[in-house]
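What follows is a set of notes on a single structure, which appears directly below.
The values are calculated or read from the model by the stated rules, or taken from the named source; none is laboratory data. Model, not experiment: these values are computed from the prediction. Virtual Cβ from ideal backbone geometry, glycine too; neighbours counted across all protein chains shown. Only protein heavy atoms, including side chains, enter the accessible area calculation; ligands, DNA and RNA are left aside. Shrake-Rupley method; radii C 1.70, N 1.55, O 1.52, S 1.80 Å.
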Amino acid sequence: MKVFVDGKYYDEWNAKVSVFDHGLLYGDGVFEGIRAYNGRVFKLKEHIDRLFYSAKAIMLELPMSHAQLMKATVETCRRNKLRDGYIRLVVTRGVGTLGLNPRSCRNASVIIIAGKIQVYPAELYAKGMDIVTVPTVRNLHSAVNPAIKSLNYLNNILAKIEANNAGVEEAVMLNAEGFVAECTADNLFIIKNGALSTPPLSAGALYGITRGTVMDLATKMGIEVSEPNLTRYDLFNADECFLTGTGAEIMPVVKIDGRVIGNGKPGLLTRKLVENYHALTKATGEPIYG
Ligand code: PMP
């Protein structure tokens, strides 16, 4: 595997960052998880847009332009002969002193890894997933805004540990007010009486690229889409529920905190959305090869 680090390509065992990089020392940086399907990078522009928004929010000056980042991402896929895979684009604050002040970091570092990902066991896509609400609440938007896709994922990791302890794959995270925010690495949707809803960004959800894609697909299918505050009660009484993420794609949820959702099987509208999502990923995106 060839890994892009600051404009050069290194063999994977040789692709390194400094122990003084503030990305490592403080989780100071931003990232994107992107996917390639069928020789195209899906929603690349949207991912690079979001990277710029995250960087702006933490006052991190990206050392490459939007066009350069798009080009380097595609080129990294090409050099790795990737047709279907997962791309991790990381920007760290760069090398600095041991203190946390980002002013000591002169140059941000850009890393692009083009590999594979399997976030959940394959059989769960057919069966549906069992999830639980966990005690760790989602970061306050007035503290570390969950809209920032930062390298500081401890909030999510603590929730993931609680999901592991409960013997399930994913956790529902509530915000400090008790409304549903999102899962540790996925957005959450419910369907009730044929209408789709997902928590608003103000509840502590990431502006997920898959979330946006699913909302567009649903609108095109004539499904009503809204972003209300949701409580656990709304989840328990949903007809259908699913998670969305670049890595996860669309994962049906069939049980939440022991309550069976709908008839306990992936719902009809969920399955239609999955089908339309796969069709879109296959047919659109930034071409890697010519
Ligand atoms: N929420 C969180 C916390 C995430 O890390 C992610 C990305 N894995 C998502 C939601 C889903 O976002 P996207 O659809 O852009 O991958």
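Okay, here's what the table says:
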quantity: Helix axis angle, 268-283 relative to the chain longest principal axis, alpha carbon, degrees; calculated: 30
quantity: The chain - percent of accessible surface contributed by carbon and sulfur, probe 1.4 Å; calculated: 55
quantity: P(r) weight above 24 Å for the range 182-290, C-alpha pairs, percent; calculated: 20
quantity: Over the chain - Rg/Rh using Cα atoms and the Kirkwood inverse-distance radius; calculated: 0.97
quantity: Filter on K116/K149; K71/K265; K56/K192; K43/K81 - keep pairs with C-alpha separation over 30 Å; calculated: K71/K265; K56/K192
quantity: Alpha carbon centroid spacing (whole Å) that separates the range 86-142 from the range 201-252; calculated: 20
quantity: The range 2-115 - charge dipole about Cα centre, Lys and Arg +1 at Cβ, Asp and Glu -1, debye rounded to 20; calculated: 340
quantity: Between 0 and 90°, nearest 10: helix 44-57 axis offset from the chain longest Cα axis; calculated: 80
quantity: Contour excess over end-to-end distance, with Cα ends at N237 and L268 and 0.36 nm allotted per residue; calculated: 9.5 nm
quantity: Whole-number D in µm²/s for the range 104-158 (Stokes-Einstein; Kirkwood sum over Cα pairs; 20 °C, 1.002 mPa s); calculated: 140
quantity: Highest average packing first - 47-55, 219-227, 163-171, 241-249, Cβ atoms within 10 Å; calculated: 241-249, 47-55, 163-171, 219-227
quantity: Surface accessible to a 1.4 Å probe, per residue, for the residues of the chain, Å²; calculated: 48
quantity: Quotient of C-alpha Rg and 2.2 N^0.38 Å, computed over the range 131-190; calculated: 1.03
quantity: Helix axis angle, 209-220 relative to the chain longest principal axis, alpha carbon, degrees; calculated: 40
quantity: Selection from I48, G96, W13 lying farthest towards where the dipole of the range 2-115 points positive, charges on Cβ; calculated: I48
quantity: Check: the range 51-182 dipole with +1 on Lys, Arg Cβ and -1 on Asp, Glu Cβ, in debye; calculated: 820
quantity: Rg/Rg_ref, the range 1-105, where Rg_ref = 2.2 N^0.38 Å and atoms are Cα; calculated: 1.10
quantity: Backbone N under 15 Å from the N38 label point (7 Å along Cα→Cβ), restricted to the range 254-290; calculated: 274-289
quantity: The chain: calculated mean residue ellipticity at 222 nm from DSSP helix runs of at least 4, using -39500 (n - 2.57); calculated: -8500 deg cm²/dmol
